[in-house]
Amino acid sequence: MTATPDTSGVVPGPIHGLYTEGDPIADTKAPDVAVAQMWEQHKFDGRLVNPTNRRKLTVIIVGTGLAGASAAATLGEAGYHVKSFCYQDSPRRAHSIAAQGGINAAKNYNDDGDSVYRLFYDTVKGADYRSRESNVYRLAEVSANIIDQCVAQGVPFAREYGGLLDNRSFGGVQVARTFYAAGQTGQQLLIGAYQAMERQVGAGTVTQYTRHEMLELVVVDGRARGIIARDMVTGEIQTHLADVVVLASGGYGNVYFLSTNAMGCNATAIWRAHRKGAYFGNPCYTQIHPTCIPVSGDYQSKLTLMSESLRNDGRIWVPKRREDCDKDPRQIPDEDRDYYLERIYPSFGNLVPRDIASRQAKNVCDEGRGVGPMVGDFRRGVYLDFASALKRLSKEAVAEKYGNLFDMYKRITGESPYEVPMRIYPAVHYQMGGLWVDYDLETTIPGLFAAGEANFSDHGANRLGASSLMQCLADGYFVLPNTIRDYLANGPYPEVAEDAPEVLAARAQVEERIARLLAVQGERSVDSFHKELGHIMWEYCGMERNEEGLLKAIDLIRALRDEYWRNVRVLGSADNLNQSLEKAGRVADFLELGELMCIDALHRRESCGCHFRSESQTEDGEALRDDNEYLYVAAWEFTGEGDKPVLHKEDLVYTAIELKQRSYK
């Protein structure tokens, strides 16, 4: 068990009157059997839908990344009628394409001690014991099936000389279980899912709507029955109805403005659902990835990820002395270098989990030992050095593993990692929080399901590397198709008319909001508000949080949101292509979500995984959990614009894993 932080003098209950506490919540769908038997039992218990009835049922899927595309392909092949929506000009532009390093699976090809249980254990430990045991075990259990599915699709995974699939290691584990396709694994997996979905488009079971953005959820008689979408080319507001809705719209990292996410990534789909009654789980859990190209100035609008796989062969270091930070790194002898991760965590070295590697990079830079150009008052960079690997493996062998990543780094920075060390620094990458879902991936709105990064279910307070692709494809190919049919077994549901009161009300909400944004005619651009919000979030709800900073952030966000609706300037009109209008709606949602993230971070007076409260740390600066007070999922209910959110707690119960203080030393 973990030690309890000193909370003397802290007033219990809702903090500063920012929220109220409601009834507890629980996942009632997982069978009451041993965790290793849950999934098979649940699949058997679930009701079936015969092939004739499937043709009468319609499923809306928002998002065409790995979770959305794989779900559309699988449900389409099963015979349901699927409507697939994405805001990109092609499903292949989904942000899943940017995932580089690999995908985990418990196949134990290397005979190095891996198993389903070990993958399960590593994932729960990596999550700092804040993930749901039942969902994580299922994820580990179906992981091997994902690899077989993708190989059958022709995904070109790397292979050893003898033809067997190759593996490499990722942070937080001591086995090699990560399957990869050079440095473009996400791209290759997405092409596999995309072609499977396009096959169903050709078969007529999937109807594809590109350049469409979901702006509202339609709820009829308490059930999700459709969406209101805007054709982003013509500006037309459209109503789309179905028997069930699936949100696979990705994460909300762009609330920070600067992140590794694609510029279009947003929270609108899940935030509109939250406002309609879907609880939001653990919104403050933001993963800061340690291996990104550092910020180089105030002009940037996004950051670029360098795959965590590079930490297999690259060694991370900074100079031991501040006065060496200006030197060419090749002129600094080995004895004057601090390989700080290898020094602090000898068992895992450079392959510690992302949250730990990120905090330690921040620590050495805060000490004044960062490298690279000055940005503000600090040099925000550490070296990722491949000199040892190049000597051990040869340039050709390193290029075979990481060549496209090295080329990308050189194009961005002008420096070749074959000649000088890379410079990296942490950046916002992934959101462990998302819509609260049960074992079936169903939200608190019946008929609304959430898959992939859009839900909260599998990663707890920290996501281990190479597990996002695993979760997205597990949800889309194997979990959702098995759980959604139990819900659809009650269908077809009564037909909803496009002029039903609930439909017309949802459509009116969209039209009124658009008109309101266009009518402000203020003096500030949407991007200027977004950038200011991002600065607040990074400064006070980033790698380190504390009560004083979070309270300040909430006040600043509220003031900024008030100014937004008084002073934003949205150019153009609503009846044609208008990217300014698109951004305006997304940033308005970020301004609401950012406040909830800070309230969630404020109420959780412990450190766990990526959520690091400076008031709660061990003597040597590691995250200090408080299992006596905070062993739960925070599920937040929206109660109305300007009203206090309600906190519902889902107790986390571990039967197959013992709670321990997380250590990688």
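The values are calculated or read from the model by the stated rules, or taken from the named source; none is laboratory data. Values in this document were obtained by computation on a predicted structure and should not be read as measured data. Neighbour counts run over all protein chains shown; Cβ positions are idealised from the backbone, glycine included. These accessible areas exclude ligands, DNA and RNA; they are computed on the full protein's heavy atoms, side chains included. Shrake-Rupley method; radii C 1.70, N 1.55, O 1.52, S 1.80 Å.
Points worth noting:
- Residue within the stretch 379-390 that is out of contact with any Pro (no Cβ under 9 Å at 6 or more places or on another chain), at pLDDT below 95 and either under 17 Å from L303 (Cβ atoms) or surrounded by fewer than 20 Cβ atoms within 10 Å (Cβ to Cβ) (or both) present: no
- G376 vs. criteria under 24 Å from R545 (Cβ atoms), of a type in the set (G, A, S) and modelled with pLDDT of 95 or more: no
- G314 being at pLDDT 95 or above and touching a His at 6+ places or on another chain (Cβ under 7 Å): no
- The numbered conditions (1) open to solvent by 10 Å² or more (accessible area, probe 1.4 Å); (2) within 18 Å of the chain's Cα centre (by Cα); (3) of a type in the set (A, V, I, L, M, F, W, C) are all true for V653 except (2).
- Picking from residues in the stretch 120-139 that are more than 18 Å from the chain's Cα centre (by Cα) and closer than 17 Å to A34 by Cα, the one that is most open to solvent (accessible area, probe 1.4 Å) is Y121.
- Pairs with Cβ under 7 Å, 6+ apart, first in the stretch 226-254 and without any contact (Cβ under 8 Å) to a residue 24 or more places away in the chain and farther than 28 Å from T286 by Cβ, second among the basic types (K, R) and surrounded by fewer than 24 Cβ atoms within 10 Å (Cβ to Cβ): D231/R211
- Evaluation of Y117 against (1) open to solvent by 10 Å² or more (accessible area, probe 1.4 Å); (2) in a loop (DSSP other than H, G, I, E, B); (3) under 30 Å from Q661 (Cβ atoms) (one fails), failing number: (2)
- Breaking point among (1) out of contact with any helix residue (DSSP H, G or I) (no Cβ under 8 Å at 6 or more places or on another chain); (2) buried (at least 22 other Cβ atoms within 10 Å of the Cβ); (3) assigned to a loop (DSSP other than H, G, I, E, B), for R662: (1)
- The requirement of being part of a loop (DSSP other than H, G, I, E, B) and open to solvent by 20 Å² or more (accessible area, probe 1.4 Å) is not satisfied by V201.
- Across the stretch 333-356, the qualifying residues are those that are assigned to a loop (DSSP other than H, G, I, E, B) and without any contact (Cβ under 8 Å) to a residue 40 or more places away in the chain, and the one among them that is most open to solvent (accessible area, probe 1.4 Å) is P333.
- Of the helices (runs of 4 or more DSSP H) lying entirely inside the stretch 508-615, the ones with 2 or more residues being buried (at least 17 other Cβ atoms within 10 Å of the Cβ) and of a type in the set (D, E) are found at 579-603.
- Across the stretch 315-332, the qualifying residues are those that are open to solvent by 10 Å² or more (accessible area, probe 1.4 Å) and in a helix (DSSP H, G or I), and the one among them that is nearest to I424 (Cα to Cα) is P329.
- Members of the stretch 616-650 that are open to solvent by 80 Å² or more (accessible area, probe 1.4 Å), in contact (Cβ under 8 Å) with a residue 24 or more places away in the chain and within 18 Å of G22 (Cβ to Cβ): E629, K644
- Screening T207 on (1) touching a residue at least 60 places away in the same chain (Cβ under 8 Å); (2) part of a loop (DSSP other than H, G, I, E, B); (3) surrounded by fewer than 23 Cβ atoms within 10 Å (Cβ to Cβ) shows it passes everything except condition (2).
- Test for V255: is it part of a strand (DSSP E or B), closer than 30 Å to A601 by Cα, modelled with pLDDT of 95 or more and open to solvent by less than 30 Å² (accessible area, probe 1.4 Å): no
- The stretch 160-198, residues that are touching a residue at least 24 places away in the same chain (Cβ under 8 Å), assigned to a loop (DSSP other than H, G, I, E, B) and hydroxyl-bearing (S, T, Y): S169, Y180
- Pairs where the first residue, in the stretch 545-566, is under 12 Å from I599 (Cβ atoms) and the second is among the hydroxyl-bearing types (S, T, Y), C-beta under 8 Å, 6+ apart: R545/S614; L550/Y540; A553/Y540
- Pairs are defined by a Cβ separation below 9 Å, a sequence spacing of at least 6 or placement on different chains, a first member in the stretch 281-308 that is without any contact (Cβ under 8 Å) to a residue 60 or more places away in the chain, and a second member that is buried (at least 21 other Cβ atoms within 10 Å of the Cβ) and polar (S, T, N, Q); the pairs so defined are K302/N254; K302/S259; K302/T260; K302/N261.
- Selection status of R159, under 25 Å from S663 (Cβ atoms) and basic (K, R): no
- So T268, is it at pLDDT 95 or above, under 22 Å from the mean Cα position of the chain (by Cα) and of a type in the set (S, T, Y): yes
- Look at (1) in contact with a Leu (Cβ under 6 Å, 6 or more places away or on another chain); (2) at pLDDT 95 or above; (3) under 30 Å from E658 (Cβ atoms) and you find that R561 fails only one, number (3).
- Condition check for P290: assigned to a loop (DSSP other than H, G, I, E, B), more than 30 Å from R225 (Cβ to Cβ) and either of a type outside the set (D, E) or open to solvent by less than 10 Å² (accessible area, probe 1.4 Å) (or both): no
- Residues of the stretch 456-498 satisfying the condition of being at pLDDT below 95, within 12 Å of the chain's Cα centre (by Cα) and either among the hydroxyl-bearing types (S, T, Y) or farther than 16 Å from S143 by Cα (or both): S457
- Selection within the stretch 357-380 - at positive phi and in contact (Cβ under 8 Å) with a residue 24 or more places away in the chain: G368, G372
- A144 being in a helix (DSSP H, G or I), open to solvent by less than 30 Å² (accessible area, probe 1.4 Å) and over 19 Å from F157 (Cα atoms): no
- Residue satisfying condition, being open to solvent by 20 Å² or more (accessible area, probe 1.4 Å) and under 24 Å from L66 (Cβ atoms), within set A278, A262, A269, A273: A262
- All conditions in (1) more than 22 Å from C610 (Cα to Cα); (2) assigned to a helix (DSSP H, G or I); (3) modelled with pLDDT under 95 hold for G297, with the sole exception of (2).
- For the stretch 393-431, a residue qualifies if it is farther than 17 Å from G465 by Cβ, hydrophobic (A, V, I, L, M, F, W, C) and in a helix (DSSP H, G or I), and the qualifying residues are L393, A397, V398, A399, F406, M408, I412.
- Taken together, V219, V233, V246 contain a single residue that is of a type in the set (V, I, T), on the phi < 0 side of the Ramachandran plot, open to solvent by 10 Å² or more (accessible area, probe 1.4 Å) and in a strand (DSSP E or B), which is V219.
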